[in-house]
Amino acid sequence: DSDDITEIENYTKNKFAEPNPELFGVAKGKNIIKIHLESFQTFLINYELHGEEVTPFLNSLVNDPELGFTYFDNIFHQTEQGKTADAELITDNSIYGLPQGSAFVTRGTNTYQSLPAILNQQQGYTSAIFHGDYKSFWNRDEVYKQFGIDVYFDASYYNMTEENVINYGLLDKPFFKESIPMLESLDEPFYAHMMTLTHHHPYIVPEELATIAPAETGDKSVDTYFQTARYLDESLEQFFNDLKEAGLYEDSVIFLYGDHYGISKNHNRAMKEIIGEEITPFKNAQLQRVPFIIKIPGVESMGTVHKYGGLIDIMPTLLHLQGIHGQDYIQFGTDLFSEGHKEYVPFRNGDYITPEYSVVSGTYYDNETGEEIEPTEEMLKMKDEVLHELELSDKLLNGDLLRFYSPNEAWKPVDPSQYRYGNETGVP
Ligand code: GP9
Ligand code: MN
């Protein structure tokens, strides 16, 4: 009810971090290209298998400051059972997924105040999703309307030929290739979300497309994980070249993020061989890192930034780059570039990670030694804060409370009936 939304508003306003004045508004009016790296964990970055880089292209982005990318190496995914859908919800709304199920499915008709709608209303952006799977997967065709997503290029827009479709959908290379004219067809400025798919469990890539030998742990998912990662990496290089050719590279904000882990804790034995150390519960928690890599036109690379954060912090960061002050909006994350950014990363089960220590299944560990520690008063207080924050986010979703919240005078509630998706002429 209205008391609850007021409590939530007070909480997020209090957590809010003021923008970094040097970066506030630098990306205003620029096209934004958001690239979803399916199942991509940070340990792949600069990892060598058989003495070879697995992802040489992504490595070049994080290692060569001349390319203009800034790499955050302490970002964690915060997803649960909603997997990809949780990552989408979190990055476009700065609210947490639900502890069970997928909010995309169970809360698909809620009112949202999402980044695509805000960008459209404040700065005339067109938003589009590109994905080589059919529109109803994860209930996307319903929830995207609530987010105010203008165009949804789902599988019905692509050539879903037998040889190009694998696992959940279109292979990443034809996906990116065919997306270029669709991207060019959008009114500018646009906010385009490219959702890759091939690097998804069980990591199948046809032999003729595999350009790195599998790992040799004997655990099939772990072994082929590197091959689909390589394929994804090559597809990104192809896409960046095509963006350059289309004149869409230089002046665009381009960012990439991993959505969630690809190797679960059921593969700890094999992962011990990969990482070279025992995968303890502490170590497994550290493996939940996903990359966040961003290029902002006119802003030099800051190299590798070690600040701690989560997917929850992406929307607050983007809003400020656009010059939209975030304080009015209900957001549980904070701007990663802000001095006031809060460096604790909550997970759905109430655990959390800070730069100094990690809470894993309720046990506290020192990050430096990996040893168990007795929590201090302050740590326990932080734990309560995390639980409170998650509870407020759940209340917001379960009570559909954004119905009762108006961020500012300019905000107009999104009308889902205004949106239609799917290519009538394509495959259903
Ligand atoms: C399907 C794709 C996979 O469209 O997004 O989702 P995931 O299994 O990772 O949630
Ligand atoms: Mn996924």
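Points to keep in mind about this one:
- Distance in nm between pseudo-label sites at Asn159 and Ile180 (7 Å out along the Cβ direction from Cα): 1.3 nm
- Taking all protein chains together and a 1.4 Å probe, the residues Leu37, Leu67 rank Leu67, Leu37 from largest to smallest accessible area.
- Residues with amide H under 5 Å from that of Tyr47, placed H, sequence gap 5 or more: Val54, Thr55
- Each Cα pair under 8 Å and six or more residues apart adds its sequence gap; the mean of these over the residue count of the chain is a relative contact order of 30 percent.
- Charged neighbours of Leu321, selected by a Cβ distance under 12 Å, balance to +1 (K, R count +1; D, E count -1).
- Translational diffusion of the range 270-428, µm² s⁻¹ [Kirkwood Rh, Cα pairs; Stokes-Einstein; 20 °C; 1.002 mPa s]: 112 µm²/s
- Backbone amide hydrogens, once placed in the peptide plane, bring Ser127 within less than 5 Å of Asp150, Val151, Tyr191, excluding anything fewer than 5 places away on its chain.
- Amide hydrogen neighbours beyond the local backbone of Val360, cut-off 5 Å, H modeled: Tyr365
- Dipole-positive endmost among Leu387, Leu318, Gly303 within the range 298-428 (Cβ charges, Cα centre): Leu318
- Linear extension gain, Arg420 paired with Glu300, 0.36 nm per residue minus alpha-carbon span: 39.3 nm
- Accessible area per residue, Å², the chain with all protein chains present, probe 1.4 Å: 40 Å²
- Residues in the range 79-85 carry Karplus couplings, in order, of 7, 10, 5, x, 6, 3, 4 Hz; the curve used is 6.51 cos²θ - 1.76 cosθ + 1.60 with θ = phi - 60°, and Gly or Pro positions show x.
- Rounded to whole Hz, the Karplus (6.51, -1.76, 1.60) HN-Hα couplings of the range 115-127, x for glycine and proline: 3, x, 5, 5, 4, 5, 5, 8, 9, x, 6, 9, 10
- Dipole moment magnitude, nearest 20 debye, the chain about Cα centre, only Lys, Arg, Asp, Glu C-beta charged: 800 debye
- Bridging of Lys30 to aspartates and glutamates at a Cα separation below 15 Å is possible for Glu184, Asp187, Glu188, Glu250, Asp251, once same-chain residues fewer than 8 apart are set aside.
- Net +/- balance of residues flanking Ile75 in space, Cβ distance below 13 Å, scoring K and R +1, D and E -1: -2
- Using a cutoff of 8 angstrom between alpha carbon atoms and counting only pairs six or more residues apart, the relative contact order for the range 118-217 works out to 35 percent.
- The reciprocal of the average 1/r between distinct C-alpha atoms defines the Kirkwood hydrodynamic radius, which for the chain equals 21.9 Å.
- In this structure, the residue pairs whose Cα-Cα separation is over 32 Å, taken from Lys177/Lys342; Lys265/Lys381; Lys28/Lys244; Lys15/Lys173; Lys28/Lys177, are Lys177/Lys342; Lys15/Lys173.
- Residues Asp251 and Trp411, FRET efficiency given R0 of 35 Å [Cβ-Cβ distance, rounded to 0.05]: 0.80
- Per atom type, the chain shows carbon and sulfur on 46% of its accessible surface, probed at 1.4 Å.
- With both labels modelled 7 Å from their Cα along Cα-to-Cβ, the Thr354 to Leu380 distance reads 1.5 nm.
The values are calculated or read from the model by the stated rules, or taken from the named source; none is laboratory data. For clarity, every value in this text was computed on a predicted model and none was experimentally measured. Cβ coordinates were reconstructed from backbone atoms using ideal geometry, including for glycine residues, and neighbour counts include every protein chain displayed. For the accessible areas, the whole protein counts, side chains as well, though only heavy atoms, and no ligand, DNA or RNA atoms are used. Shrake-Rupley method; radii C 1.70, N 1.55, O 1.52, S 1.80 Å.
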